[in-house]
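Quick notes on the structure that follows.
None of the figures in this text is laboratory data; all of them are computed from the coordinates on show. Computed from a predicted structure; not experimentally measured. Neighbour counts are summed over all protein chains in view; Cβ atoms, including those assigned to glycine, are modelled from backbone coordinates with ideal geometry.
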Amino acid sequence: MLALLTGCAMGRGVPKRSAFETFESSNTYSRSFDHSPAQTCEAARRALLSQGFVVGRAEADVVEARKYFQAEDNHEQVEFRAVCMPQLRGEQQTVVFVNAVQDRYVLRRSNTSASLGVSALGSVSLPIGSIEDSLVKVASETLQDSNFYKRFFNVLERFLPEEIERPSRPSAMTQPMLFPVQQFAQPTPGELVPPQVRVEDLPAPPPATPAQPPVQQPVQEPASTQPPSGG
């Protein structure tokens, strides 16, 4: 019995954690598309406008919108944010990250009474006053309903254009110059291109002379080497 009471006392002293993050691997807050980031964020802006959201920020990579709800004395506000980033893996171009925060406000009334200052009696409070109403924020929570985001992505797909933009290939990177190069005046085209010469202005070539046959030299007989006979 003592051990049981001790355990109960320890359990009461430990506060309960009502909110915690598990970082599970899920696609509740993200979805990939084949369109470019600019096209996807434009479709997200149109999807939010079609559902009554007031868009406060719309850029090529982020969209922020807000929507208000009223139920008797409770006021609720949903702030939606979509971020479009290039896809790093796979064949699709863009991944969209979404997040919606719901704030809850309560209407509270406060009574104010008027005071009158009298020199002899001091300050005297009179029952004459007014009632002021103000909204007080009582809760703020990130929406975690997967069906809520799934419906948003379905509406977003309806506003995607038929034509898909493809990013252009990056040009070849040039080597940066380490030292400044002095610029010289460029020559005019007249200095680069020689004047055109017509064929008629060229001198006529001399007439060709016929080729002369080579002159044959007479062949001389070698002198006799025999000695003369005696007489």
Any idea how far apart Arg81 and Asn154 come out in nm if each label point goes 7 Å out from Cα toward Cβ? 2.7
Given labels modelled 7 Å from the Cα in the Cβ direction, how far is it in nm from Phe184 to Phe20? 7.7
Quickly work out the Val55-to-Leu143 label distance, labels modelled 7 Å from Cα along the C-beta direction, and quote it in nm with one decimal. 1.8
Check Gln93: other-chain or 5+ apart residues with amide H under 5 Å from its amide H, H built from backbone geometry? Phe33, Asp34, His35
